[in-house]
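K.L.:
Structure provided below as structure tokens; questions to follow.
The values are calculated or read from the model by the stated rules, or taken from the named source; none is laboratory data. Because the structure is a prediction, the values reported are computed rather than measured. Methodologically, a virtual Cβ is constructed for each residue, glycine included, from the backbone with ideal geometry; neighbour enumeration extends over all protein chains shown.
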Amino acid sequence: MRGISQSFLRKMKEGLETGRRKGYKGWDQYWQGVNFPSDPLSFFLTRLHNEIDELVIAISNKNVPQICNEAADVANFAMFISDIVENSDWYVWSNDD
């Protein structure tokens, strides 16, 4: 059985490192002390949609390196969403249903 692509994992790690260089520390600090501009899930869902848009553009431009980078960005933002709901004792679901 084929395992997870090491190249793809490397791209995801590179994306996390780019975020660190930009001063984003939430992932490494388990989101503690992060002042989100809105509900964290709404924030990351919006960012995920933005990354999907960038992936679509890269695909339409047939830019293979950019496609790989944007696909890893999509995966990272999906991972952030999963991490928040699975591992954060502090996340409180909104009652706005």
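K.L.:
Quick one: count up the residues across the stretch 73-94 that are in contact (Cβ under 8 Å) with a residue 40 or more places away in the chain, within 10 Å of L41 (Cβ to Cβ) and surrounded by fewer than 16 Cβ atoms within 10 Å (Cβ to Cβ).
P.N.:
Counting residues in the stretch 73-94 that are in contact (Cβ under 8 Å) with a residue 40 or more places away in the chain, within 10 Å of L41 (Cβ to Cβ) and surrounded by fewer than 16 Cβ atoms within 10 Å (Cβ to Cβ) gives 3.
K.L.:
Shifting gears a bit: Kindly provide the set of residues from the stretch 52-71 that are farther than 14 Å from K11 by Cα and among the acidic types (D, E), ordered by number.
P.N.:
Correct list: D53, E54.
K.L.:
Return the residues of the stretch 1-12 that are among the basic types (K, R) and either outside any helix (DSSP H, G or I) or in contact with a helix residue (DSSP H, G or I) (Cβ under 6 Å, 6 or more places away or on another chain) (or both); say none if nothing qualifies.
P.N.:
Passing the criteria: R2, K11.
K.L.:
Do you know which residues across the stretch 13-55 are closer than 21 Å to E70 by Cα, among the hydrophobic types (A, V, I, L, M, F, W, C) and in a loop (DSSP other than H, G, I, E, B)?
P.N.:
Within the stretch 13-55, W27 is the sole residue that qualifies.
K.L.:
Could you grab the pairs with beta carbons closer than 9 Å, sequence gap of 6+ or different chains, first residue in the stretch 31-48 and touching a residue at least 40 places away in the same chain (Cβ under 8 Å) and at negative phi, second one of a type in the set (D, E, K, R) and surrounded by 16 or more Cβ atoms within 10 Å (Cβ to Cβ)?
P.N.:
Pairs that qualify, where the first residue is touching a residue at least 40 places away in the same chain (Cβ under 8 Å) and at negative phi and the partner is of a type in the set (D, E, K, R) and surrounded by 16 or more Cβ atoms within 10 Å (Cβ to Cβ): there are none.
K.L.:
Going through the stretch 1-56 one residue at a time, which ones are of a type in the set (A, V, I, L, M) and under 12 Å from the mean Cα position of the chain (by Cα)?
P.N.:
Across the stretch 1-56, the qualifying residues are M12, L16, L41, L45, L48, I52.
K.L.:
Under the condition of being modelled with pLDDT of 95 or more and of a type in the set (G, A, S), which residue from the stretch 72-97 is farthest from F8 (Cα to Cα)?
P.N.:
Filtering the stretch 72-97 for residues that are modelled with pLDDT of 95 or more and of a type in the set (G, A, S), the one farthest from F8 (Cα to Cα) comes out as A78.
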